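One structure below.
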Amino acid sequence: MMKYSYFPGCSLDATAVTYKRSISFVAEKIGMELNEIPDWNCCGATCAHSRGKWLALALPARNLALAEREGLGLDIAVPCASCYSRMKHTVHAARKDEADRKKIEEIIEMPYLAKSDVLSFLEIFALPEVMKACKEKMERSLASLNVACYYGCLTARPREITGGISTENPMEMDDIIALTGAKPIEWDFKTECCGASHQVDAPEAALPLIERIFRNAKANGATAIVTACPLCNLNLDMREEEINKKSGTAFDIPVYQFTQLLAVCMGATANEAGLHKHFYPAYDRINDTLRRAGA
Amino acid sequence: MNDIETKLRETVKRLLADHTVRYVIGWEATRFEDKTRPAFISDSADTDRLVWNKYCVSSLAKYALDEQHSEGKIGICVRGCDSRAVCRLIEDKQLLRENLYLIGLPCDDKEMNICDTCTHRNPVIYDELVGEPVLERQADRFAMVGLMEAMSADERYSFWESNYSKCIRCYACRNICPACNCRACYADQERVGWQGKQMNTAQNQIYGLTRTYHVGDRCIECGECERVCPMMIPVMLQTRKMLKDINEMFGDYECGLPDGRAPVLGEYTLGDADDFM
Amino acid sequence: MSVNIKEGWEPKILAFCCNWCTYTGADLAGLNRMKYPENVRVARVPCSSRVNPQFVIRAFQKGCDGVLVCGCHPGDCHYVTGNYFTRRRFMLMKKLLEYNGIDPNRFQARWISGSEAAKFRDTVTRVSEQIKELGPNVKFREGRWS
Amino acid sequence: MARIGVFICHCGTNIAGVVDVDEVVKAAGKFPGVAYATEYKYLCSEPGQQTIKAAIEEHNLDRIVIGSCSPRMHEVTFRKMLMSTKINPYMLEVANIREQCSWVHTDKEKATEKAIDLTRMAVAKVCKSKPLFPDSIGVTKRALVIGGGIAGIQAALDIADAGYAVDIVEKEASIGGHMVMLDKTFPTLDCSACISTPKMVEAGAHPNVTLRAYCEVESVKGYVGNFEVDIRQKAKYVDHDTCTGCGACEVKCPIKVSSAFNQGMCDRTVMYKPFPQAVPSKPVIDALNCRKISGDGKCGVCAAVCPLKAVNFEDKGEIITEKYGAIIVATGYELIKWQDIYPEYGGGRFEDVITGIQFERLVNASGPTEGHIRRPSDGAEPKDIAIIKCVGSRDINKGKAYCSRACCMYSAKHAHQILEKIPDGSVHIFYMDVRTPGKGYEEFYDRTREDGANYIRGRVSKIFKEGNKLICKGEDTLLGKPVSVEADMVILETAMVPATDISKLTGILSIGSDTDGWVQEAHPKLRPVETQTAGIFLAGTCQGPKDIPDTVAQGSAAAVKVCSLFSKVQMETSPIISAVDREKCSGCEMCIPCCPYKAITVIEIDMHEHGKKVKMNVSDVNSGLCQGCGACAGACRSGAIDLKGYTNDQILMEVDALCL
């Protein structure tokens, strides 16, 4: 039963439009039902928890409580790694300590029982039934694309809160990407930090973080990087040109959301998969790959 | 006369005739219509003395202790609670299974309060079953204990104090209890400081508390202690408290089942809770 | 059940201490000249598992106002496993005593190692304070009280 | 009626300064059963003891109470003193009025009152005391050493040289343990095999030593002086009595598997000796990988080539039962399985990330590369090598809290060896601290630095691969800056952990282990090679990480303990043990699971009941096994089993006396 409450988060209508389009395309194809939480608000992202514990717990809690109030009893699907992290923290806090949960309820002035789980899109697509549904819908192949699956730092960390996914060498995205026929490469920067919002306020410190991700991907033969987070994707996609210019490198690795590749293989047009919405040209690589695979 | 009673008599007759057992412990009628008493049938001509009705309430298992050292088998009629009592005595190394022939009697018609919380109406072990198994029922064994726990400490103390002030120290609760199978009960021993023989509230309370601790982790919840108490002291309310705690701390726990589980006080795990400290 | 607390009443507290850990810890408290209230009397046993729960009941009956059972920390038992049995026995016993109306503070169990002199002092001091607050024990008491 | 003498000690002013000794004596004189009460300045002194002895005679005392320091201090002294009187040494109670009274209280009145209470408790207890007599048991003068590493070999040789028989049980096919795997040993750089193989040979040839290689201890019954041990001889498939160790079968064996001795860095045959200098120098078949035994049944080449027909595919192994007087546990260590806990170091994905022991084989002349340092992935000589210390040690988040003690030194040795063999190479050592407490250790470390080893203080957070290089990313905490080291090969100096099946063995032996699984010594300082169970000793790294000198020293120390035990014809046992009142025992067996020493068994006895003779099952205590904890007495509902010296009656009297 592929039914979830859906918390898109604020990036999805702006910088992560590629993610949004490909998610809707794929969801429709495989019959996944996503019920957007009504009247949702910002998850707090990186700002709230630098202001204080209760703000950071309460902001996501309101969204979770709204989902609960709807009464669908579904788990909550979250595309953004940062939203996912914040919501996981709230669920964890509320489940661990009854007093904390009560306090959260007091702040948001709504009941919140922390019954539902929060799932990242990565976790959802790694479920056997979803994998199976995706596999059945594959029309095209991306064979010959060497993909570095980049998970980012927040999908797996901290372990005691996110559970499951390995913090050092996760394989979930690799398994999903393998469905498209593309080859997930073995590399070592799957879960390194992309610099997140520091790319804006401290680029001189944060830019090298991106550079080394590209470098390791290239050193291990990647011809594309795939992400599962609006911000990871934006950071890599937007800065690649700049790095090439500054450091004299020639990376030439387009950066996709994993759902984009799924969408493409399920028959999406470039527009439906958002392939023209990238900073670093992304259409040609896919187009070439598909042509080579004879599709 | 009912079907089961007829069948029971036939069964016993057969067992005596083919010398499977030396005698059979069952129930027989008394001059009171609503009372039965234990019967010891060794002659197949006597089998018609046996009765089976809703007044067959006394526990029979412990009578087998008199035959601890005898040769040959004896038969016992066992309801759910009797069979658990037999298990108890076997587990406590007081009886040998091979010396017993158990005639199982599913039991669903008793009219005692204590039977409302029975969770094993069918015998848990038997050699042959007379009648059809009855439906087991869900029961909250610890509802009364919960009510007690909700009271204040002083209320609880007064409750037990007033109950034990009635106690006449007849030791009926001990004598009927299948978990009370020591050769020499501590309460009978003439040792200074062990158990005062005086019949006063303090000594009675000590007796009650000690007995509870002695049998609490092995109590099969047959309720015989309460049934036989001439002073109507709710004795099992004590042991059930201990069982409730054990259930809460060590997971589902029922005694006198043939599952080979050791009494909780005879084992430990490294991870046992310390939080009482 | 109310009792008039006599002027200058001091509680009597019995502590069963295992020879290898807590008794040694108590000795160490002495060597370090630590100070604690006088109302605790230690009975030395080889292992906390030697303490038959009946001793505890007996102590209350005879007029103790509080009872302590102390042994080695789990895993440190001189006899390897004794204190694990102690733990189970007294966990159940304590709950049973409470159920019968004894204040939980009147019967306590503690793990105190041979080096934890300060813990011994603090435990004894704390228990002594708690029992003072509770006043003389009248529950289960024999003769003159009932 | 008892005639009790009460003696209160002043202990100078230690007691008398706070406690009014005269008051205590006055009060004690009135306790029931007390025939005489007095005080003395120092009771433990010679004249003090004389005073007591005189009083015993003069007042015809039959038991005594001494109010003094802790019984842990002088109970033994006073018991010894009583041995020369008519009173049994166990008719004594000590009231602890110093450590637990005068030293911890200041209020004289209350302290005196407490001292009186404590004395009354002791008097009450001693009323119920009974004379106790130690038992004596014979000693089997044969020792068992479990584990044939350097600790076990050393212990066995020392015992054997003292003239006693000793068996070494070794689970592998050869003795030698970890030490023979090592190349050179710090700080003197002598060849490990050259110094350990002569010891192995000596153990193999010693007339008093029986080697039981390829064996495991299955069960242990009995007690100090009289252990009965079942040893499982695993199936060797080669009759070692016939085999001469010519090696023809090994050469012809067609199936190869990874060699455990060489840490998986090369192969060995299925018919194998773990290494060339193995003792016993005879092969066994690794049945699991053998085509003949576990495969399709074809092959049998070894049997065909054996000139003596020593190969026996039907071998099922056997159980050997042997009697021993003492046991030494010397099961050694293993290295932590770092792959599972350090995914950031590749979790085993990178071939060229190896462990220290793998490097030992790599650099060893008899190892897979004949001593040339070549990295596993492509056989090339690595130029830049990174060494990471404390992998699993001193890391509470991922590994163990403790320090593995030997790694600082052998990592310095590794660095030294690399720089010696690869003159144009470089070594970078990531460390947290450098710990070199040992003779010549610091000097060795200094020398390694002078050789050019680059010590970087900090942990490595990640190892990743770029091209042919392994990049070690970490922090130099002295510079406060992140560092990256490009290495061709990385050596992880991993933590020592107890042998995998040590918990099974400690269970069999009924000895304790600490939270990390190391075997627990009886006292960390004063009884470092003894366990809590009498007659069982320990040596080497089974007790905790240590280097070779300490391991050997412990081996010898354990041997001395065994020899001193064997030097006695008969052994005295403590009389403070449990005893069963058979009249009361109902044989319910509740006491049995409580006994940590398996000292209680059920026996059948004849009893008379109602004029009939009947068989009864009752508990029975083995006086050699019982150590006197009393857990059984705490479990017995009817008081049928009781602990002598701490009987139910005695303790209840004490309780009553307090409450008067």
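The values are calculated or read from the model by the stated rules, or taken from the named source; none is laboratory data. If you're wondering where the values come from, they're calculated on a predicted model, not measured in any experiment. Reconstructed Cβ throughout: ideal geometry from the backbone, glycine too, with neighbour counts over all protein chains shown.
Would you pick out the residues in segment B:170-194 that are buried (at least 17 other Cβ atoms within 10 Å of the Cβ) and in contact with a Leu (Cβ under 8 Å, 6 or more places away or on another chain)?
Answer for segment B:170-194, where residues must be buried (at least 17 other Cβ atoms within 10 Å of the Cβ) and in contact with a Leu (Cβ under 8 Å, 6 or more places away or on another chain): B:Pro178, B:Asn181, B:Gly193, B:Trp194.
So how many residues does segment D:509-532 have that are away from every other protein chain (no Cβ under 13 Å) and either surrounded by fewer than 22 Cβ atoms within 10 Å (Cβ to Cβ) or touching a His at 6+ places or on another chain (Cβ under 7 Å) (or both)?
The number of residues fulfilling the criteria is 1.
Can you confirm whether B:Lys62 is in contact (Cβ under 8 Å) with a residue 24 or more places away in the chain, within 14 Å of another protein chain (Cβ to nearest Cβ) and within 30 Å of B:Asp245 (Cβ to Cβ)?
yes
Among the residues of segment B:179-194, which ones are over 24 Å from the mean Cα position of the chain (by Cα) and within 11 Å of chain D (Cβ to nearest Cβ)?
B:Arg191, B:Val192, B:Gly193, B:Trp194, listed by residue number.
Does B:Arg22 fit the bill of being more than 20 Å from B:Pro123 (Cα to Cα), modelled with pLDDT under 95 and touching a Gly at 6+ places or on another chain (Cβ under 6 Å)?
yes
Can you tell me which residue in segment B:225-259 is surrounded by the most Cβ atoms within 10 Å (Cβ to Cβ), limited to those that are at positive phi and in contact (Cβ under 8 Å) with a residue 24 or more places away in the chain?
B:Gly256
Any residue at all in segment B:112-121 that is touching a strand residue (DSSP E or B) at 6+ places or on another chain (Cβ under 7 Å) and buried (at least 19 other Cβ atoms within 10 Å of the Cβ)?
no
Checking the conditions here, which among D:Thr506, D:Thr500, D:Thr494 is over 29 Å from D:Ala599 (Cα atoms) and not hydrophobic (A, V, I, L, M, F, W, C)?
Result of the check over D:Thr506, D:Thr500, D:Thr494: D:Thr494.
Every residue in segment D:237-258 that is small (Gly, Ala, Ser) and touching a residue at least 24 places away in the same chain (Cβ under 8 Å), please.
The answer is D:Gly245, D:Gly247, D:Ala248.
When only residues in segment D:596-627 that are touching a Cys at 6+ places or on another chain (Cβ under 6 Å) and of a type outside the set (Ser, Thr, Tyr) count, which is nearest to B:Leu89 (Cα to Cα)?
If we take residues in segment D:596-627 being touching a Cys at 6+ places or on another chain (Cβ under 6 Å) and of a type outside the set (Ser, Thr, Tyr), then D:Val618 is nearest to B:Leu89 (Cα to Cα).
For segment D:589-621, which positions are more than 10 Å from every other protein chain (Cβ to nearest Cβ), surrounded by fewer than 19 Cβ atoms within 10 Å (Cβ to Cβ) and not in a strand (DSSP E or B)?
Scanning segment D:589-621 gives D:Lys598, D:Gly611.
Taking the options C:Phe85, C:Phe120, name whichever one is assigned to a helix (DSSP H, G or I), of a type in the set (Phe, Trp, Tyr) and more than 7 Å from every other protein chain (Cβ to nearest Cβ).
None of the other options fit; the residue is C:Phe120.
Being among the hydroxyl-bearing types (Ser, Thr, Tyr), touching a residue at least 24 places away in the same chain (Cβ under 8 Å) and either farther than 30 Å from D:Ala534 by Cβ or buried (at least 16 other Cβ atoms within 10 Å of the Cβ) (or both): is that true of D:Ser281 here?
The answer is yes for D:Ser281.
Show me the strands (runs of 3 or more DSSP E) entirely contained within segment D:403-505 in which 1 or more residues are of a type in the set (D, E, K, R), surrounded by fewer than 20 Cβ atoms within 10 Å (Cβ to Cβ) and more than 14 Å from chain A (Cβ to nearest Cβ).
D:454-457, D:469-476
Quick one: D:Asp286 ticks every box in (1) surrounded by fewer than 14 Cβ atoms within 10 Å (Cβ to Cβ); (2) without any contact (Cβ under 8 Å) to a residue 40 or more places away in the chain except a single one, so which number is it?
(1)
Could you tell me which of the residues D:Val24, D:Val76, D:Val19, D:Val6 is buried (at least 20 other Cβ atoms within 10 Å of the Cβ) and assigned to a helix (DSSP H, G or I)?
D:Val24
For residues that are assigned to a loop (DSSP other than H, G, I, E, B), surrounded by 13 or more Cβ atoms within 10 Å (Cβ to Cβ) and either not aliphatic (A, V, I, L, M) or not assigned by TED's automatic domain parsing to the domain that holds B:Gln203 (or both), tally how many sit in segment B:140-169.
Summing the residues that are assigned to a loop (DSSP other than H, G, I, E, B), surrounded by 13 or more Cβ atoms within 10 Å (Cβ to Cβ) and either not aliphatic (A, V, I, L, M) or not assigned by TED's automatic domain parsing to the domain that holds B:Gln203 (or both) in segment B:140-169 gives 4.
For the structure I just gave you, tell me whether D:Ile373 is touching a Pro at 6+ places or on another chain (Cβ under 9 Å), aliphatic (A, V, I, L, M) and away from every other protein chain (no Cβ under 14 Å).
In short, yes.
Among the strands (runs of 3 or more DSSP E) confined wholly to segment A:26-129, which include 2 or more residues that are crowded, with 21+ Cβ neighbours inside 10 Å?
A:76-78, A:118-120
Which of the residues spanning segment B:227-253 are more than 23 Å from B:Arg156 (Cβ to Cβ), modelled with pLDDT of 90 or more and in a loop (DSSP other than H, G, I, E, B)?
B:Pro230
Here is a check on your reading of the model: is D:Gly177 within 18 Å of D:Ala406 (Cα to Cα) and either charged (D, E, K, R) or in a loop (DSSP other than H, G, I, E, B) (or both)?
Judged against the criteria, D:Gly177 is a match.
Are there any pairs with C-beta distances below 7 angstrom linking a residue in segment D:196-220 that is assigned by TED's automatic domain parsing to the domain that holds D:Ile511 to a residue that is among the hydroxyl-bearing types (Ser, Thr, Tyr), with the two at least 6 apart or on different chains, and if so which?
D:Asn208/D:Tyr164; D:Ala213/D:Ser174
The rows are residues; the columns are (1) in contact with a Phe, Trp or Tyr (Cβ under 8 Å, 6 or more places away or on another chain); (2) of a type in the set (A, V, I, L, M, F, W, C); (3) more than 10 Å from every other protein chain (Cβ to nearest Cβ); (4) over 19 Å from B:Tyr207 (Cβ atoms).
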| residue | (1), (2), (3), (4) |
| --- | --- |
| C:Leu92 | yes, yes, no, no |
| C:Pro104 | no, no, no, yes |
| C:Ser113 | no, no, yes, yes |
| C:Glu129 | no, no, yes, yes |
| C:Pro136 | yes, no, yes, yes |
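When you go through (1) under 30 Å from D:Ala522 (Cβ atoms); (2) of a type outside the set (D, E, K, R); (3) facing another protein chain (nearest Cβ under 7 Å); (4) not in a helix (DSSP H, G or I) one by one for C:Cys70, which number turns out not to apply?
Condition not satisfied by C:Cys70: (3).
Is one or more of the residues making up segment D:327-338 crowded, with 17+ Cβ neighbours inside 10 Å, within 23 Å of D:Asp384 (Cβ to Cβ) and not assigned by TED's automatic domain parsing to the domain that holds D:Val529?
Within segment D:327-338, one or more residues are crowded, with 17+ Cβ neighbours inside 10 Å, within 23 Å of D:Asp384 (Cβ to Cβ) and not assigned by TED's automatic domain parsing to the domain that holds D:Val529.
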